[in-house]
Each structure stands twice: as C-alpha cells, then as structure tokens.
Amino acid sequence: MSERSKNDVAEELIAHHFRVEPGMVEIYRLDDPEDAEAPIRLLEVNQETIGTDAEIISFGFAPSERVPFSTVVAEITPNELDQLRATGFPKGWDLSAARVTRRSEA
C-alpha cells in the first residue's frame, strides 16, 4: 500500500488533470476517501472533450507507481452535465455527495 493517503493521491491527480487539460472546468470526486479498497472515482467536466450525448463512459485504471490506487475517470462536456442534471444521472454517478473542485480552486 502507498505511504501517501488515498485522499492525497486523489488531490494530486485532480491537480494534475487541471494542469494538463486547459478546457477542464470542474472535477467531481465520487468515491469514499476513507475506503482504501474503493477506486478513486472522478467525473471530469471538460469543455474541450468530445460529447457522448450525456452518456457517462468511464475508464478504469489499475494501481501504478504514480497512482497507487485503482482509479475510474469519466469525462463529459458542460452541456452534458446540464443535460444529466435535468434528466438524471446513471446509477453510481449521483453528484449530491460528491466533492467538487473547480478550476479557480485548483
């Protein structure tokens, strides 16, 4: 297991995604920071990503040396976020308990 906490790793990952993605608007973290077994789950809102008609398509990543926790990342456009708020999020992607980081805070 990593000497860095899951929370520290998630915050580093979020900061990195803001640095490398100029179109990133905000990132929602949906995992439980206290559950070391659950993957880090991020829903990223990026104005430069390709839209998927408000479908959340996630990509899973195995632990690595740099990110020693399993990670699940999905990326949507701001318009898709608005659509999902209006029509409802798929199971497992409820943002009501998510922790959000906006570009201005990163």
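The values are calculated or read from the model by the stated rules, or taken from the named source; none is laboratory data. These figures come from a predicted structure and were not determined experimentally. Methodologically, a virtual Cβ is constructed for each residue, glycine included, from the backbone with ideal geometry; neighbour enumeration extends over all protein chains shown.
Being assigned to a helix (DSSP H, G or I), exposed (fewer than 14 other Cβ atoms within 10 Å of the Cβ) and either among the basic types (Lys, Arg) or touching a residue at least 24 places away in the same chain (Cβ under 8 Å) (or both) holds for only one residue in 66, 19, and it is 19. What are the residues in the range 85-104 that are surrounded by 10 or more Cβ atoms within 10 Å (Cβ to Cβ) and outside any loop (DSSP other than H, G, I, E, B), if any? Result: 85, 99, 100, 101, 102, 103.
Taking the conditions exactly as written (in contact (Cβ under 8 Å) with a residue 40 or more places away in the chain and within 19 Å of residue 19 (Cα to Cα)), does residue 77 satisfy them or not? Even if it seems obvious, please write down each step before you answer.
Numbers: in contact (Cβ under 8 Å) with a residue 40 or more places away in the chain: no; within 19 Å of residue 19 (Cα to Cα): yes.
Criteria not met by residue 77.
Taken over the range 27-49, the criterion of being over 11 Å from residue 100 (Cβ atoms) and either in contact with a Lys or Arg (Cβ under 6 Å, 6 or more places away or on another chain) or at pLDDT below 90 (or both) is satisfied by 31, 32, 33, 34, 35, 36, 37. Here residue 4 passes the criteria (1) under 15 Å from the mean Cα position of the chain (by Cα); (2) in a loop (DSSP other than H, G, I, E, B) except the one numbered (1).
Restricting the range 15-36 to residues that are β-branched (Val, Ile, Thr) and in contact with an Asp or Glu (Cβ under 9 Å, 6 or more places away or on another chain) leaves a set whose member that is nearest to residue 77 (Cα to Cα) is 25.
Entry remark, the range 37-54: residues being out of contact with any Asp or Glu (no Cβ under 8 Å at 6 or more places or on another chain), farther than 13 Å from residue 17 by Cα and surrounded by 12 or more Cβ atoms within 10 Å (Cβ to Cβ) number 1 in total.
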